[in-house]
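Down below is the structure, laid out as structure tokens.
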């Protein structure tokens, strides 16, 4: 009955607008991956029609729950989610961009944690790694217990915002004691702040994507480009306002860190205002825990085999579930391809800061503000690539393979770290010749190149994780993507950084490279050469035939699962 009612919408339109409908009939019939206006409803399979003129599209999940969708989710509900993402990223990057400088005492000689350069960089990378590992916890809670919407609302209000407030309070001189509260700043930066950011990270992009019907795939691709652009709008604003205030030192650092508290609170309020508009898929059990359980049990048989976990083979799991677990296992391996680029990306918050702190500021632009050029690059590149480059290729029947996108993105990462190496040699050369410093603006090339690479590598990884993950596993897929994006990449980088700590020592063995004299005696460029080699491998491997075949295999397997559920 619902299908007949929705089909009637198309008939009424045809009778009242015969000329216009006839003109668009051919293109509409072929464009059912981008259903966004009423004329197309006449060609939609009745099983996807709800009969509701306001929310005419529908899907039914594995549990029989029916969800209805609007034709233009961007303006109807996704905008609320994107605003939250922008303000959350403003808050996150406003803190992370200044974290290394704050911990090492760059903003104040009298009130700081007083950590060394390597210790500050390591803590920053570890905090980032935790933030990108926590999405697994967020996904478990969202998929298994309270859903993506409530996971976002609860962790933002009860964990994330309190963590940001604690960071701000530690920055006010003598407010919490006569000495700097190093224990509290560690709790804030290693527990509340990264857990809050991470647990909602796997849910925000998924909730946005869940507002699109399967017949809106092209709009979904545009969503991920826009989602990443909103990330960088927030990063750009936070990366300008907060470092400028931190530069004033002392209590101004406190006021700077109050900005994230206020902005995220506003973002949460806006997000909640849109509550009634969202498609809110119901939790269907923690697929992460079930998947881990199935994988562990498969190791108890000889030889280890997921196939033997199926009911038909004497196991305890449904056939469809085991097939989905196989896809997620393959996705886990697939995300290894973006690790080399993300290792370069992670240096912007750590080693590039150490390097930049030993260069001459350009007016109010110091090392902690250079990440803004990454955000600017993402916005410009996202606009050009999403608005012109991809459509240009699409009109000619060219669709870049996902592995090609990964390789291109990592190629920009190679160029970025090479520029950083050249800058490091130039720092040494200038000091040896004149005893002076070069401008921090020389770092702009590295940051701009990383920004362009992000559009190809990171935004594509978001898209791949969502598209390849079966229904009910979307948050799990997002968590895997984020884990490799900022978790694994930063764990590896931190390990290499600590193993190469001798490269970050002055001639006297001082590990706090807070002056150009000390930095000129270090060998930071050797650490960068190691990253360069890893990144080069990250360009070559995705272009190998078997890598492309591996992705295509996962894509086909995921498509078969989706088709079987219809």
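The values are calculated or read from the model by the stated rules, or taken from the named source; none is laboratory data. Bear in mind the structure is a predicted one, so any value in this text is a computation, not a measurement. So basically every Cβ, Gly included, is an ideal-geometry build from the backbone, and we count neighbours across all protein chains shown.
I'd like to check something: does region 482-499 contain any residue that is buried (at least 19 other Cβ atoms within 10 Å of the Cβ), at pLDDT below 90 and either farther than 28 Å from residue 421 by Cβ or over 23 Å from the mean Cα position of the chain (by Cα) (or both)?
Yes.
Would you please list the contacts, defined by Cβ atoms under 7 Å and residues six or more apart or on different chains, that run from a residue in region 291-304 that is within 25 Å of residue 479 (Cβ to Cβ) to a residue that is surrounded by fewer than 16 Cβ atoms within 10 Å (Cβ to Cβ) and at pLDDT below 85?
298/304; 298/305
Given (1) surrounded by 24 or more Cβ atoms within 10 Å (Cβ to Cβ); (2) at pLDDT below 95, identify the lone condition not met by residue 417.
Only one criterion is unmet by residue 417, namely (2).
Between 464, 415, 457, which is in contact (Cβ under 8 Å) with a residue 12 or more places away in the chain and more than 20 Å from residue 229 (Cα to Cα)?
That would be 415, the only listed residue that is in contact (Cβ under 8 Å) with a residue 12 or more places away in the chain and more than 20 Å from residue 229 (Cα to Cα).
Would you mind finding the one in 336, 306, 379 that is surrounded by fewer than 23 Cβ atoms within 10 Å (Cβ to Cβ) and outside the structural domain of residue 528 (by TED's automatic domain parsing)?
None of the other options fit; the residue is 306.
Picking from 97, 93, 107, which residue would you name as being touching a helix residue (DSSP H, G or I) at 6+ places or on another chain (Cβ under 6 Å), at pLDDT below 95, on the phi < 0 side of the Ramachandran plot and not in a helix (DSSP H, G or I)?
After applying the criteria, what remains is 107.
So, residue 406, is that one assigned to a helix (DSSP H, G or I) and buried (at least 22 other Cβ atoms within 10 Å of the Cβ) or not? Walk me through it before giving the result.
Working: assigned to a helix (DSSP H, G or I): yes; buried (at least 22 other Cβ atoms within 10 Å of the Cβ): yes.
Yes; evaluated as a whole, the condition is true for this residue.
Please return the ranges of helices (runs of 4 or more DSSP H) entirely within region 215-329 where 2 or more residues are farther than 29 Å from residue 59 by Cα and modelled with pLDDT under 90.
217-246, 287-298
Any residue at all in region 423-442 that's under 30 Å from residue 560 (Cβ atoms), out of contact with any helix residue (DSSP H, G or I) (no Cβ under 6 Å at 6 or more places or on another chain) and surrounded by fewer than 21 Cβ atoms within 10 Å (Cβ to Cβ)?
no
Filter region 46-75 for residues that are buried (at least 17 other Cβ atoms within 10 Å of the Cβ) and under 18 Å from residue 473 (Cα atoms) and give the result.
Within region 46-75, 59, 67 meet the criteria.
So the check is Cβ under 8 Å with 6+ separation or different chains; which pairs have a first residue in region 217-243 that's not assigned by TED's automatic domain parsing to the domain that holds residue 452 and a second one that's assigned to a helix (DSSP H, G or I)?
Qualifying pairs under 8 Å: none.
Residues that are within 25 Å of residue 417 (Cα to Cα): find the helices (runs of 4 or more DSSP H) completely inside region 336-401 holding 1 or more of those.
339-346, 351-356, 371-384
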